[in-house]
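Data first, discussion second: the structure below is written as structure tokens.
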Amino acid sequence: MVEGMDLTAVTSIALALALGLLVGIERGWTQRDQAPGSRFAGIRTYGLLGLAGGLGGALQVAFPVLSGVLLAATAALVVMGYWRTTRAQKAGVQASISGTASLVGLLTLACGFVAGAGSHALASAATGVMVLVLAMRHQLHEWIRSLDEREVLAIAHFALISLVILPLLPDTPMGPLDAWRPRQIWLVVVLVCGFSFLGYIAAHRLGATKGTLATAAAGSMVSSTAVTASMAGRLRDGSGDPAMLNSAIALASAVMFIRVMALVGALAPFALTMLLAWAVPGMVVSLIGAWLIGRRRVDAAAAAEQPTPLRNPFALGPALLLAALVMALSVAARWVLARYGDAGLATVLALSGMLDVDSAIITMGNLPGGTLDPRLAALILMPPVLLNTLIKAGAAIGLAGWARAWCGASVLLASAVAALAALPLLLTAIQP
């Protein structure tokens, strides 16, 4: 037993030393051009800081006083090193003052302590993130220099709604029929605002075409409804090329079909084969529509591309409208369920999937094996997906107006019709 404990302690201390050396490699490479003796610490010092932390963590139970003295003395040496470097520069001696180096030394000591205490995964993850941030020094500085005042304000506003307001909201049912969960409803606001801001940044950095489409594809892996609302808000404000924004709405629908097929394959694989009969046509129509709309913009503007006018990177209006829609539909769904009861699994799944297609798939995946025939399961999943598609088409027109969003909404309607074309096949197949 003692030998096993000793081996564990040795492994923990060795990991602490390795993590310190890893930090030292990055610091040594970054400061390789500085004059000898002018650096705060090198690979050996950071390695020893990790080792000291590892010893402190390993000894904290058996020798708590020794562990505390070791850690405190090591931390004091790091602080004194920074103080001496500061004094040396004030005295006219060439030296490099780096608050980052001192802070990294203290963090290396802390990560070594965590590793020595046995939390290997946490210590490794923290050290990896620290090394990554240090290695991205030039990229982060370039990014900061490229920010303008609007973007800084947008970051502050997004931090307020996501890091301050969201965690404070209760996650318990309340309101009419207990249909509202404030945290989940506000999460819709966070998603829409986040996608709007990401779209602004992507368009600003990558150009309107690549940025808009990349944001739509990535955001639709979380919520195609939120992406559609964000793009429709930009259409309404005129803060983007209309063809590209409509193409992004169609692309978001295609990604939604892909996400549905992937989730069914993972959670309810018995229904996947029949699901493909209607999901693939809907996906294909959405992809073709996105390509045709985007191609029209390319044909019209390839000869003389001009920067897209970017206005507000933080679109709160569309987010609040979508949240209000979620609240209204949640109450309506609860009322239907309370009034008519469990009228059928298809009805329940359709209502729960109107704004959250994933909820219908998760519900089906939790059913006991053999409860549903694969064809019936594919038919049951059709209403949530198609209702979600129709709601997104309506949201796009409602937020942006028919004149601006008709082509994107038309693609969504066409994809729903293409999926419905497989309905006779499914109905025939499940008849006794």
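Hey, any hits in the range 257-264 for a residue that's touching a Cys at 6+ places or on another chain (Cβ under 9 Å), farther than 15 Å from L399 by Cα, touching a residue at least 24 places away in the same chain (Cβ under 8 Å) and not basic (K, R)?
Within the range 257-264 (the criterion being touching a Cys at 6+ places or on another chain (Cβ under 9 Å), farther than 15 Å from L399 by Cα, touching a residue at least 24 places away in the same chain (Cβ under 8 Å) and not basic (K, R)), the answer is no, since none of the residues qualifies.
Would you confirm, using the coordinates I've provided, whether S247 is under 21 Å from the mean Cα position of the chain (by Cα), in the same structural domain as K392 (by TED's automatic domain parsing), modelled with pLDDT of 85 or more and of a type in the set (S, T, N, Q)?
Working: under 21 Å from the mean Cα position of the chain (by Cα): no; in the same structural domain as K392 (by TED's automatic domain parsing): yes; modelled with pLDDT of 85 or more: yes; of a type in the set (S, T, N, Q): yes.
For S247, the condition - under 21 Å from the mean Cα position of the chain (by Cα), in the same structural domain as K392 (by TED's automatic domain parsing), modelled with pLDDT of 85 or more and of a type in the set (S, T, N, Q) - is not met.
Quick check: is even one residue across the range 273-294 buried (at least 19 other Cβ atoms within 10 Å of the Cβ) and at pLDDT below 75?
No, the range 273-294 contains no residue that is buried (at least 19 other Cβ atoms within 10 Å of the Cβ) and at pLDDT below 75.
Out of D178, D171, report the one residue that is modelled with pLDDT of 80 or more, over 26 Å from I397 (Cβ atoms), assigned by TED's automatic domain parsing to the domain that holds K392 and acidic (D, E).
The match here is D171.
Search the range 7-32 for residues that are on the phi < 0 side of the Ramachandran plot and touching a residue at least 24 places away in the same chain (Cβ under 8 Å) and pair each with any residue that is hydroxyl-bearing (S, T, Y) and surrounded by fewer than 19 Cβ atoms within 10 Å (Cβ to Cβ) when their beta-carbon atoms are under 8 Å apart and the residues are at least 6 apart or on different chains.
Listed pairs, sorted by first residue: L15/S124; L19/S124; Q31/S96.
Within the set of pairs 6+ apart or on separate chains, which have a first residue in the range 64-80 that is in contact (Cβ under 8 Å) with a residue 12 or more places away in the chain and over 16 Å from V114 (Cα atoms), a second that is among the small types (G, A, S) and not in a helix (DSSP H, G or I), and C-beta atoms under 9 Å apart?
V78/A41
The values are calculated or read from the model by the stated rules, or taken from the named source; none is laboratory data. What you see is a predicted model; the values in this text were computed from it and never measured. So basically every Cβ, Gly included, is an ideal-geometry build from the backbone, and we count neighbours across all protein chains shown.
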